[in-house]
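Working notes, structure below.
The values are calculated or read from the model by the stated rules, or taken from the named source; none is laboratory data. Quantities reported herein were computed from a predicted structural model and do not represent experimental measurements. Please note: Cβ atoms are built from the backbone with ideal geometry, for glycine as well, and neighbour counts cover all protein chains shown.
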Amino acid sequence: MTIRTHAVVVSCALALCMAATAEGPRPHLGPIYVVEVTVDSPAEIDALSANGFSIGNVDGNRITIYASVDDLLWLKVDGYDYTVIEQQPSPLAPKGGAKALGQYHSYADLTSALDAYAVAYGSGQAVHPDICRLVSLGQSAQGRELWAMLITDNPDAEEFEPEFKYVGSIHGDEPVAAELCLYFIDYLLSHYGNNGRVTRAVNRTAIWIVPLMNPDGLTAGTRYNANGIDLNRAFPSWPSEFSGTLFDGAPVDVQGRQPEVQHIMQWTAENSFMLSANLHTGALLVNYPFDDDSKGSGNDAPTPDDLLFENIAERYSIHNTPMYTNSSPSFPKGITNGSVWYQVDGGMQDWNYRYAACNEVTIELSTTKAPSASALPDLWDDNRESMLAYLEAADIGVRGLVRDKVTLEPVYAKVEVIGNAQPGFTDPDAGDYHRMLLPGTYTLKFSAPGYKNKRRYDVVVTDGRATRVNVKLKPLVVKTDINGDGKVNAVDVQLVVASILGESKSAYADADGNGEVNADDLQIVANAVCKG
């Protein structure tokens, strides 16, 4: 089987009925077969994915595909020999009314367990009450709630602290993620006040945990949601569906997306998460962005924070011995760049990083997607320290408050590290920012519409807690009469253009007074001329 043969067959046959649409991945309804096939090159993986096949895993030249009956037909026509390893729907059969950790929970059981924690630790019945809140982010396609648990020392207050999230079971056939989230909730709540590390993490961080993003898929026993969509292929793709950031005013593009994706996107945009992970099974590794930077599977696609991502990924894997010593040569230390593994279009972690400036990784917890419930305690033992250590990484780098110099009110500002193209943002409610950085010396730039830019030089980040750098931004005084002749006209526009092009260096061309002459100044003066 060669990629040339594949391309010919696909162009004649698969394209007629299988290609993903501009609205996102095509639905997979009816019986689903999980199959393994052998490919000759990473390019072949991308060709299959581009033509609507849902890739679940890549291990060397063996890939796992989720296939409908029609998909199997076209695989056969295309010359692939496949091995069926599972058929879906294949719902779990958890013990009725399961409450204990170490058992698989149905959606109803999980809801009951979360309710019990919320009552005990959110309303005064526990030793350390009032440190959690249970909320619904919205409903799934079939009307089930997407539960989110907030754990922090003052859950009703907006505090100067980083915001963190774990999101589990975006694929309904990967229930281990939901169970480990439940374990972690129990661990934080039951150890608060008697374990120093847990107490510090809860006091210093707003910790959000969504155990089950795909309740319909879990209930049915399928990878997909009730509409047959792979939710981790259904987020906006860069750059075809978005190119700006939340701070730039790019809209939260939820229109026409799956309800579960809409709720997670809206929730992310309404908060200021700076560190995150989504939990899966089917492999044993930590995968970090970029999943897709148009380089193709098998090729490294580093972010501007590549070394940081390697660091935080290893903070997780090093405490999980089976993961860290993963025998696959493709995953030294149990970590990998996403694109090196295989390219994913429409994944959640890339959207979080590119759009919301949230550093997110994908954690694969077990090579077996749904092992026996008897394996859950051992999996928790393997991951307990990893989950806590990864959460503690939210405490590194640089942080501070950005306020208006005159009113001292919080400012919604962009925080940039000179030499790094990835921006960060302050929380618009509190004005605090939390920028994860490795030890080193940095120059920071703070900017916001209506304010003069400010830089802080020689900011030293150590290996301990984040360095504190507070900033007060000075409101701008806008001037549009660039040449001072008492009139605002085309001459003033020309002076700004000349300064932008480097034909003059007049400081007067800085219309907004932020210390730079750029397109914003030109827009200000041009608008004034038009209103003239």
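The condition of being outside any helix (DSSP H, G or I), touching a residue at least 12 places away in the same chain (Cβ under 8 Å) and surrounded by fewer than 19 Cβ atoms within 10 Å (Cβ to Cβ) holds for only one of Asn514, Asn483, that being Asn483. Taking the range 173-222 only, how many residues are out of contact with any Leu (no Cβ under 9 Å at 6 or more places or on another chain), touching a residue at least 60 places away in the same chain (Cβ under 8 Å) and assigned to a loop (DSSP other than H, G, I, E, B)? The total comes to 3. When you scan the range 104-118, do you find a residue that is over 28 Å from the mean Cα position of the chain (by Cα), closer than 25 Å to Asp378 by Cα and of a type in the set (S, T, N, Q), even just one? Within the range 104-118, not a single residue is over 28 Å from the mean Cα position of the chain (by Cα), closer than 25 Å to Asp378 by Cα and of a type in the set (S, T, N, Q). Where helices (runs of 4 or more DSSP H) fall entirely within the range 257-343, those with at least 2 residues that are of a type in the set (D, E, K, R) and without any contact (Cβ under 8 Å) to a residue 40 or more places away in the chain are at 306-317. Within the range 265-319, can you find the residues that are more than 10 Å from Ile363 (Cα to Cα) and among the polar types (S, T, N, Q)? Gln266, Thr268, Asn271, Ser272, Ser276, Ser294, Ser297, Asn299, Thr303, Asn311 - these are the residues of the range 265-319 that are more than 10 Å from Ile363 (Cα to Cα) and among the polar types (S, T, N, Q). Taking residues in the range 69-91 that are closer than 13 Å to His28 by Cβ and buried (at least 18 other Cβ atoms within 10 Å of the Cβ), and partners anywhere that are at pLDDT below 90 and not small (Gly, Ala, Ser), the pairs with Cβ atoms closer than 7 Å and at least 6 places apart or on different chains are Asp71/Phe53.
Considering the range 486-511, and only residues there that are in a helix (DSSP H, G or I) and touching a residue at least 24 places away in the same chain (Cβ under 8 Å), the residue that is surrounded by the fewest Cβ atoms within 10 Å (Cβ to Cβ) turns out to be Ala490.
Sort out which residues of the range 429-450 are modelled with pLDDT under 95 and closer than 22 Å to Asp520 by Cα, and write them in order of number. Residues satisfying the conditions are Pro449, Gly450.
Screening Thr462 with (1) surrounded by 14 or more Cβ atoms within 10 Å (Cβ to Cβ); (2) among the β-branched types (Val, Ile, Thr); (3) at pLDDT 90 or above gives one miss only, at (1). Pairs meeting the criteria (first residue in the range 112-127 and part of a helix (DSSP H, G or I), second residue of a type in the set (S, T, N, Q) and modelled with pLDDT under 90, beta carbons under 7 Å, at least 6 apart or on different chains) are Val119/Gln125. Remark: pairs (first residue in the range 407-430, in the same structural domain as Ser272 (by TED's automatic domain parsing); second residue surrounded by fewer than 12 Cβ atoms within 10 Å (Cβ to Cβ); Cβ separation under 7 Å; 6+ apart in sequence or on different chains) are absent. For the range 353-373, the count of residues that are small (Gly, Ala, Ser), part of a strand (DSSP E or B) and under 21 Å from the mean Cα position of the chain (by Cα) is at least one.
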